[in-house]
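Down below is the structure, laid out as C-alpha cells.
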Amino acid sequence: MPEKGVKMLRLEILRLGEDWSNAELARRSGLNVTTVNEACRGQRRPGPHQLVSLAAAFSLGPEMAGTLLDEVEPASPGPRHEL
C-alpha cells in the first residue's frame, strides 16, 4: 500500500486488498482486462453497467458502484502480531 497521505481509487484499494491482479478482477467482473487496467489507473471512467459489474466482483451492491472511482486514502494496516 502507498504511504500515508497518498490517495488511490477505491477500486484499486479493493483489488489490492483481495490480492487480485487486474486480469483476475476482469475475469470476476466479466469485463475486458484493458478496461479494468485503465479504470484502476484512472485513465478510463467505466460506464454505469461496468461499474455495477465491478462492484459485484467485490460482492458489493449496485448502490456502491458509484463510489469505486472515488479517491480515498487507504486505511493503515493494523499492527502485525508475531507468532
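The values are calculated or read from the model by the stated rules, or taken from the named source; none is laboratory data. What you are looking at is a predicted structure, and each value in this text was computed from that prediction instead of being measured. Every residue, glycine among them, receives a Cβ derived from its backbone with ideal geometry; neighbour counts consider all protein chains shown.
List of remarks:
- Segment 43-83, subset among the charged types (D, E, K, R) and more than 14 Å from the chain's Cα centre (by Cα), residue modelled with the highest pLDDT: Glu63
- Of the set (1) in contact with a Leu (Cβ under 6 Å, 6 or more places away or on another chain); (2) in a loop (DSSP other than H, G, I, E, B), all apply to Arg15 but (2).
- Positions within segment 31-52 being part of a loop (DSSP other than H, G, I, E, B), small (Gly, Ala, Ser) and touching a residue at least 24 places away in the same chain (Cβ under 8 Å), in sequence order: Gly42
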